[in-house]
Amino acid sequence: MTRSYDYAEAGAHGEVVVNAPLGPGTSTLPWFAGRESEYKVPASARDTMPCPFQQKRENTMNNTKAYSAAGAATPLAFTTISRREPTERDVQIEILFCGVCHSDLHTVRNEWSSVMETVYPCVPGHEIVGRVTRVGAAVTKFRAGDLAAVGCLVDSDRTCPNCQAGLEQYCPNEIFTYNSPDKHRAAPVTYGGYSGSIVVDQDFVLHVPSNLDLAGAAPLLCAGITTYSPLRHWGVGPGKRVGIVGLGGLGHMGVKFARAFGAQVVVFTTSPSKREDALRLGAHEVVVSRDMGEMAKQAGSFDFILDAVSADHDINAYIDLLAHDGNITLIGAPEKPLAVGAFGLLMGRRSLSGSIIGGIAETQEMLDFCGEHNITADVEVIPIQKINEAYERMLRSDVKYRFSIDMASLKAE
């Protein structure tokens, strides 16, 4: 009987194959099996020769329940995945809630293959809230029992100029929470939060204010920081007139933050039925963007516009609403390139930008701000067994405004 294990590769990476029985009724396979001459193992010592590597492979993995997609056209289904044992710097977290992001759907269905090809099986989820169950010996920021969160990143190179500036989200070697190469080799790629637990370096784990509803806090780890970061970067606050384009999972968080920052907030929506909800969330005014007369009244009046729409739309209609030196920032990701008229930007020194999530320090700042102002996402809590239905509902915008998975439901599998 042989192991499905590459000894040469194991040795090259300092891993271990140990002298251990392979199962009932089987014999012991020594670590040097098939390579006695290379390691110069004398015959007299072959039953007792200790393995020279530093760790036992059998002790470097643990299994957890999860939901994964086996391919772009297959539904998510129950599976079991491997997580690494915590290293001295790691935090192990039992996942309590995981938000459902539109990025999850895009990745599962390989719709962003031109940017990042999906590797299957794919375990999505990067809006993770849970409780610490174990910490490594060198961990100083967390202890067992703490509430903790993990967002879109689980590592970066930590040495590039962006990392040094606290902008890990722009690191050229960033490691996303799912579908990035797993440098710890627990799996071909990283696996996300549609699972029972996760192990992450303490520097990429965040503290969750204890007063926040955990189901509503989970989407803050993507939808929250995605809107918070550009609003902060462009100085949104008292005296500023701010537009939020689109009232969905991202847009509704943009409204909450812009209002909490003290700005005058205007929501642009194609749906008149969303007017009441926009006002409830904190908007001072709601403009139906299909009404050209109402749009014309807003011309040249905005300091900043946050565009949270992922569908194809006329960006020039919103550029024309900016005052001089005004900025519009894209956080939605339309599939096709947007046609931008140059003169709309030239006349008024206006600018068009993009933004993704935020660095680790800024994400912690956002969570602390949410704790102080009791801000969470509006969520519909679902069991993991309804995730495929939730994806279809997301495509129909049939959720107000974010799904949050109660991961306790995974225990039923």
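Just one of the listed residues (R158, R185) is of a type in the set (K, R), surrounded by fewer than 20 Cβ atoms within 10 Å (Cβ to Cβ) and at pLDDT below 95, namely R185. In summary, V91 fulfils each of the numbered conditions (1) under 14 Å from Y391 (Cβ atoms); (2) buried (at least 17 other Cβ atoms within 10 Å of the Cβ) with the single exception of condition (1). The helices (runs of 4 or more DSSP H) found entirely in the stretch 294-405 that carry 3 or more residues being more than 23 Å from P238 (Cβ to Cβ), without any contact (Cβ under 8 Å) to a residue 24 or more places away in the chain and in the same structural domain as G216 (by TED's automatic domain parsing) are 387-395. For G359, the stated conditions hold: it is over 16 Å from S301 (Cβ atoms) and buried (at least 21 other Cβ atoms within 10 Å of the Cβ). Just one of the numbered conditions (1) in contact (Cβ under 8 Å) with a residue 24 or more places away in the chain; (2) of a type outside the set (D, E, K, R); (3) in the same structural domain as I405 (by TED's automatic domain parsing) is not true of S229: (3).
Touching a His at 6+ places or on another chain (Cβ under 7 Å) and either of a type outside the set (D, E) or within 20 Å of V287 (Cβ to Cβ) (or both) - does that describe any residue in the stretch 323-342? Checked against the condition, which is being touching a His at 6+ places or on another chain (Cβ under 7 Å) and either of a type outside the set (D, E) or within 20 Å of V287 (Cβ to Cβ) (or both), the stretch 323-342 yields no hits at all. Looking across the stretch 123-154 at every residue that is without any contact (Cβ under 8 Å) to a residue 60 or more places away in the chain, out of contact with any Phe, Trp or Tyr (no Cβ under 6 Å at 6 or more places or on another chain) and part of a strand (DSSP E or B), the one that is surrounded by the most Cβ atoms within 10 Å (Cβ to Cβ) is identified as R134. Taking the condition in the same structural domain as Q202 (by TED's automatic domain parsing) and surrounded by fewer than 20 Cβ atoms within 10 Å (Cβ to Cβ), does R83 pass? No, not satisfied. Given the structure, is A217 within 22 Å of R259 (Cβ to Cβ) and of a type in the set (A, V, I, L, M)? So A217 fits the description; yes.
Does Q264 fit the bill of being more than 29 Å from R109 (Cβ to Cβ), crowded, with 18+ Cβ neighbours inside 10 Å and not acidic (D, E)? In short, yes.
Determine whether K274 is charged (D, E, K, R) and crowded, with 20+ Cβ neighbours inside 10 Å. Here the answer is yes, as K274 does meet what is asked.
Out of all the residues in the stretch 172-179, is one or more surrounded by fewer than 18 Cβ atoms within 10 Å (Cβ to Cβ), free of Cβ contacts under 8 Å to residues at least 24 places away in the same chain and either closer than 29 Å to N63 by Cα or in contact with a strand residue (DSSP E or B) (Cβ under 9 Å, 6 or more places away or on another chain) (or both)? Checked against the condition, which is being surrounded by fewer than 18 Cβ atoms within 10 Å (Cβ to Cβ), free of Cβ contacts under 8 Å to residues at least 24 places away in the same chain and either closer than 29 Å to N63 by Cα or in contact with a strand residue (DSSP E or B) (Cβ under 9 Å, 6 or more places away or on another chain) (or both), the stretch 172-179 yields at least one hit. Taking V208, is it closer than 27 Å to L250 by Cα, more than 15 Å from the chain's Cα centre (by Cα) and either buried (at least 21 other Cβ atoms within 10 Å of the Cβ) or outside the structural domain of G371 (by TED's automatic domain parsing) (or both)? In short, yes.
Scanning the stretch 340-377 for residues that are charged (D, E, K, R) and in contact with a strand residue (DSSP E or B) (Cβ under 7 Å, 6 or more places away or on another chain) yields R349, R350.
Look at (1) farther than 23 Å from F343 by Cα; (2) among the charged types (D, E, K, R); (3) out of contact with any Ser or Thr (no Cβ under 8 Å at 6 or more places or on another chain) and you find that K297 fails only one, number (1).
The values are calculated or read from the model by the stated rules, or taken from the named source; none is laboratory data. This is a predicted model, so every value here is computed, not measured. Virtual Cβ from ideal backbone geometry, glycine too; neighbours counted across all protein chains shown.
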